[in-house]
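The values are calculated or read from the model by the stated rules, or taken from the named source; none is laboratory data. Please read all numbers here as calculations on a predicted model, not as lab measurements. Here the Cβ positions follow ideal geometry from the backbone for every residue, glycine too, while neighbour counts run over all protein chains shown.
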Amino acid sequence: MKPDAIEALHALAGEYVLGTLPPEQHAAIAERLSADPALRAAVDAWEARLLPLTELATAQPPSARLWGRIQRSLDELPAPARASQLGWWQRLGLWQGLSAAGLAASLLLAFTLLTTPAPTTRYLVVLVAPSSQAPGWVVQASDSRVIELIPLGRDAVPEGMALQFWTKGEQWQAPVSLGLVKPGEPYRVPLQSLPPLEANQLFELTLEKAGGSPSGLPTGPVKFIGRAVKVI
Amino acid sequence: MCSGRRNEGRLSRHLAIDHLRSLASPRPDGRGTWHDSRKPHSLNSPAVPFDFQRCLQACAQGDRPALQALYDHEGARLLGVARRIVQDDATAEDIVHDAFIRIWTRAASFDPARGSARGWIYSITRHLALNSIRASRRETEFDDVEVDAALAMRGGLDGMDLWSGSAKIYRCLEQLQPAPQRCILHAYVDGCSHAEIASLLGAPLGTVKAWIKRSLKALRECLE
């Protein structure tokens with residue numbers, strides 16, 4: 001803004017606060033104030049500058065009935081006019097709505113928690129070579145129906161031989177064959193015919209003749225062995 | 001109203017002069033001259049500063065006693081300001097009534113960044129009073145020629161050189177020539193229009209306008 005324009009702005013604001021502008025111009029300025037920050041700042045500055053001059057008017061105690069009149073007028077004020085001036089954080093409706101939503105959410109959560117079946121226990125077995133304790137395979141059971149045998153490396157199996165997968169629960173009479181395993185390939189076993197997995201259940205891979213142990217029990221050397229542990 | 005009613009205008013002007021004199025010479029008891037001796041308990045007592053801003057915040061929350069505290073503390077002074085402009089007791093009380101309703105309903109819109117809470121309250125009251133005399137001026141359309149300019153000038157500008165108030169603006173006003181000084185006071189304190197001041201001072205309208213313009217510039221520079 002040019003200096004002349006600034007001077008004109010201050011002069012206009014000064015006369016507005018002084019009260020000497022013609023009524024039409026005074027009303028026009030009052031109208032402009034909300035949309036013109038520069039003019040508003042100039043007017044505010046003049047209000048502050050001239051305020052001490054109000055001391056020159058002799059104080060005059062109001063009549064006894066004036067306060068009663070003010071109170072009656074306040075009582076007649078429409079209530080919504082006041083409510084709309086409250087900040088959003090003071091609006092009762094907002095907080096009522098939010099707390100109702102919060103209550104609904106916690107009820108839904110409680111219902112979900114109570115009706116969802118407890119998650120199945122998960123087991124993990126690390127099969128290690130008995131001599132070196134080097135891990136060779138991992139058995140993972142994420143649900144009660146299927147276990148998964150995952151190779152950690154690639155084992156050499158002599159010609160005419162095969163790896164057979166066995167398991168035996170602590171209370172079982174004998175191990176049960178879970179089938180022949182190809183070296184280096186994952187293997188999935190359905191468990192329908194077996195009791196559920198339990199902690200400390202034994203798993204092993206033995207070296208058998210191609211086609212598997214003819215007796216139905218492990219006969220060859222144990223290549224890898226491990227016990228099931230519960231995963232928390 | 002300033003010169004619309006001659007006798008009241010004269011009375012008002014004399015009050016102004018008396019007041020300026022009394023401001024210049026402190027009373028023996030050391031109390032401020034605008035201490036109302038009839039009600040010394042609350043009026044203008046500077047011992048405990050009144051917290052206008054907190055009062056407005058409480059009003060914005062719907063705290064009716066806060067508004068009453070403001071009324072008890074400032075009502076008489078606000079009425080004095082309004083009475084000086086409208087020159088009528090009943091109208092002045094109407095103004096203060098309207099001002100307190102407005103303070104109550106608009107307290108939440110008060111912005112401390114724009115000025116003091118006390119200034120906001122006085123500004124509301126003054127502008128209501130100014131609007132009131134503007135409306136009545138339109139109705140009466142008084143004739144400037146009827147105003148006895150010579151009478152308005154009687155009493156001159158004596159006492160002005162002794163004048164001193166507490167705020168800096170009084171020091172700045174002192175630096176103005178007496179006539180321009182009176183223009184500012186008649187406008188701000190009495191709510192006079194250019195024409196009314198011209199009649200009171202017996203000066204041409206154009207001169208009064210120029211005095212006011214120059215005085216405002218000088219005041220602004222002095223207060224910067």
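Candidates in the range B:167-184 are the residues that are over 13 Å from residue B:216 (Cβ atoms) and at the interface with chain A (Cβ under 9 Å from one of its Cβ atoms); of these, the one that is modelled with the highest pLDDT is B:170.
Would the range A:30-40 turn up any residue that is in contact (Cβ under 8 Å) with a residue 24 or more places away in the chain, of a type outside the set (Phe, Trp, Tyr) and touching a His at 6+ places or on another chain (Cβ under 8 Å)? For the range A:30-40, residues in contact (Cβ under 8 Å) with a residue 24 or more places away in the chain, of a type outside the set (Phe, Trp, Tyr) and touching a His at 6+ places or on another chain (Cβ under 8 Å): absent.
Name every residue in the range A:37-69 that is facing another protein chain (nearest Cβ under 7 Å) and within 53 Å of the chain's Cα centre (by Cα), in order of residue number.
Matches in the range A:37-69: A:44, A:47, A:48.
If the condition is being of a type outside the set (S, T, N, Q) and without any contact (Cβ under 8 Å) to a residue 12 or more places away in the chain, then the range A:187-214 contributes only A:214. Filter the range A:23-36 for residues that are more than 8 Å from chain B (Cβ to nearest Cβ) and over 56 Å from the mean Cα position of the chain (by Cα); which is surrounded by the most Cβ atoms within 10 Å (Cβ to Cβ)? The extreme case among them is A:25.
Within the range A:26-75, the residues that satisfy the criterion of being among the charged types (D, E, K, R) and either in the same structural domain as residue A:15 (by TED's automatic domain parsing) or in a helix (DSSP H, G or I) (or both) are A:31, A:32, A:36, A:40, A:44, A:47, A:49, A:55, A:69, A:72, A:75. None of B:164, B:199 is within 20 Å of the chain's Cα centre (by Cα), at pLDDT below 90 and either surrounded by fewer than 23 Cβ atoms within 10 Å (Cβ to Cβ) or not assigned by TED's automatic domain parsing to the domain that holds residue B:92 (or both) except B:164.
The residues of the range B:185-224 that are hydroxyl-bearing (Ser, Thr, Tyr), away from every other protein chain (no Cβ under 12 Å) and touching a helix residue (DSSP H, G or I) at 6+ places or on another chain (Cβ under 7 Å) amount to a single one, B:199. Take the conditions (1) at pLDDT 90 or above; (2) within 21 Å of residue A:229 (Cα to Cα); residue A:180 misses just one of them, which is (2). Taking the conditions (1) part of a helix (DSSP H, G or I); (2) at pLDDT below 90; (3) more than 20 Å from residue B:212 (Cα to Cα) in turn, residue A:4 satisfies each one other than (3).
Residue by residue, here is whether (1) surrounded by fewer than 22 Cβ atoms within 10 Å (Cβ to Cβ); (2) more than 9 Å from chain A (Cβ to nearest Cβ); (3) part of a helix (DSSP H, G or I) holds:
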site	(1), (2), (3)
B:54	yes, yes, yes
B:58	yes, yes, yes
B:66	yes, yes, yes
B:70	no, yes, yes
B:75	no, no, yes
B:79	no, no, yes
B:84	no, no, yes
B:95	no, yes, yes
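Figure legend. Inter-residue proximity from the range B:100-126: first residues at the interface with chain A (Cβ under 9 Å from one of its Cβ atoms), second residues among the polar types (S, T, N, Q), beta-carbon distance below 6 Å, spacing 6+ or different chains. Indicated pairs: B:101/A:73; B:108/A:85; B:122/A:54.
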